[in-house]
């Protein structure tokens, strides 16, 4: 579940708990006063545990996509698939036939493919597209003149449950397309890509950043693994440990006064932040006059 926190002296204070993936209230940090110039690099050197310089990789994002949602269960049939398959079984074929025959005069048809949070976002989207296209091809056998709209960006289902392996067939008038929540807008994004972040929420963040990031913004992942710069975020599988604090320090060095950074992490580091390290981070935020927002996930 998402929670939004004020990041002040890099201590977390609960601000507001919201329903999963709903729009968080935007809260900015207070401007901090400048004091000492103690260097964060004086710590147990995090770089030694990372493949990439700074324990970060600058990544690209997928093309922005709206999310499809079925409004009501009226005039809807769902076809389910085996895991990692786009083959339609006999039950699914019969469902498609019945829907096509009973809705031949109902107007435009919408086919919505769903994904889960397992595997990379790009793979899930590809699989959902193949499933939706296989449904469309089968549907055309029973109504060759049907106007069909295919979307592989349905709301995400959790885990490996059967609900996550489905395609909905409905009327186009029974669907809406909306911007993927939450609305997260910043100049810099820093995303923890450690193994503890692997969940359906990883894909929500992928979608939200890809859709809402402003032109010229920069997206980084914090990683101990070897991830090439310019790798697409939706092709990354969270894995390995986290050095989110050191990555945060490095990103601050890239920012200019007045810019905003959003950090997304569960902050479960094997190397907890020491008091003087916390102070060094605060001092750097203060000195550069930047704004930092933190999003935390409870996995």
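Quick notes
- Ordering of 53-66, 79-92 by packing [mean C-beta count within 10 Å, highest first]: 53-66, 79-92
- Relative to the compact-globule estimate of 2.2 N^0.38 Å, the Cα radius of gyration of the stretch 200-264 comes out at 1.15.
- The calculated FRET efficiency for the pair residue 126 and residue 69, based on their C-beta separation and a Förster distance of 25 Å, comes to about 0.75.
- Inter-label distance for residue 268 and residue 235, nm, one decimal - labels placed 7 Å from Cα along Cα-to-Cβ: 2.8
- Residue exposure sequence - 276, 205 - by fewest surrounding Cβ within 10 Å: 276, 205
- Ranking of 220, 145, 99 by neighbouring Cβ atoms within 10 Å, starting from the fewest: 145, 99, 220.
All of the numbers you see were taken from the coordinates with simple rules; none came from a lab. What you see is a predicted model; the values in this text were computed from it and never measured. All Cβ positions, even for glycine, are placed from backbone atoms using ideal geometry, and neighbour counts span all protein chains on display.
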